[in-house]
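The values are calculated or read from the model by the stated rules, or taken from the named source; none is laboratory data. Fair warning: this is a prediction, and the values are worked out from it, not measured in the lab. A quick note on method: Cβ atoms are made from the backbone with ideal geometry, for glycine too, and the neighbour counts reach across all protein chains shown. SASA here: full protein model, heavy atoms, side chains in, ligands and nucleic acids out. Shrake-Rupley method; radii C 1.70, N 1.55, O 1.52, S 1.80 Å.
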Amino acid sequence: MTKNQSQTGVYIAITIIVLWAACLYYGLTWEMDYSSPVLYILILVQTHLYTGLFITSHDAMHGTVSSNKKVNTFFGHLTATLFSYNFYHKLFPKHHEHHRFVATDKDPDYHDGNALAWYGSFLKQYITWQQFLLMAFTFNILKLFLPTENLILLWMLPGILATGQLFYFGTYLPHRGSHSKENKHKSRSQKLNHAWAFVTCYFFGYHYEHHASPATPWWKLYQKKEEYDLKGYP
């Protein structure tokens, strides 16, 4: 990782965190109006930003947020915590097991079943009772000062939707079904469409590229997709 890339990763991480916090503040203090399109736009935007928090934590697991290990780990812990109290130190080994044993019975992200059963297995791997307690405690404190419906719709719901988004576009679609013997990463990628790839999962629809080059940060995966589409896949 170059120095410029290191700084870019930090700036992008900060941008996602600031946008998430600003959108959350606005949403929690906004006067609820179910007839307003603003509500539904806020939910969608905040869902996307929640996904960005997790993607940032994920990149930290690969050391691509910053070349400074302490800074990289700091952003990993921070963004994982902001995403509904996930624990970076628990996510880290599981994610590397996913890369090491992709699409096998030792892969914590993989399940040989339909999408619903797979999603249940996915949640079981990553949701902890500590998260529930911390979320419940925080909710009960915040509702003393903020409207309950705002908390549910603009703080809790986007986190739930983002979990589904990460699972469907970042795990299920890339790894479902059978893969050829030549596909050593047992991963597939969506067709070239940078706008759709960013909106759905921060370019992680280009999933083969991530497994082939895990040291590439999310914001450069589109370049790998273009490179592999032009030169052919390894």
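Brief remarks follow.
- Applying the criterion of being free of Cβ contacts under 8 Å to residues at least 24 places away in the same chain and open to solvent by 40 Å² or more (accessible area, probe 1.4 Å) to the residues of segment 70-81, the residue that is farthest from residue 212 (Cα to Cα) is 81.
- Per the listing 26, 40, 34, the residue uniquely assigned to a helix (DSSP H, G or I), of a type outside the set (Lys, Arg) and free of Cβ contacts under 8 Å to residues at least 12 places away in the same chain is 40.
- On the stretch given as segment 20-36, residues that are open to solvent by less than 40 Å² (accessible area, probe 1.4 Å) and aliphatic (A, V, I, L, M) total 3.
- Residue satisfying all of: in segment 149-185; more than 18 Å from the chain's Cα centre (by Cα) and open to solvent by 70 Å² or more (accessible area, probe 1.4 Å); nearest to residue 24 (Cα to Cα) among these: 152
- Scanning segment 98-148 for residues that are under 27 Å from residue 212 (Cα atoms), open to solvent by less than 40 Å² (accessible area, probe 1.4 Å) and aromatic (Phe, Trp, Tyr) yields 118, 122, 126.
- Residue match in segment 1-14 (condition: touching a Gly at 6+ places or on another chain (Cβ under 8 Å), open to solvent by 30 Å² or more (accessible area, probe 1.4 Å) and modelled with pLDDT under 95): yes
- Every condition in (1) more than 14 Å from the chain's Cα centre (by Cα); (2) modelled with pLDDT of 95 or more; (3) open to solvent by 20 Å² or more (accessible area, probe 1.4 Å) holds for residue 39 except the one numbered (3).
- Check on residue 222, of a type outside the set (D, E, K, R) and under 19 Å from residue 99 (Cα atoms): no
- Of 67, 84, all but one fail to be over 25 Å from residue 134 (Cβ atoms) and either free of Cβ contacts under 8 Å to residues at least 12 places away in the same chain or not hydrophobic (A, V, I, L, M, F, W, C) (or both); the exception is 67.
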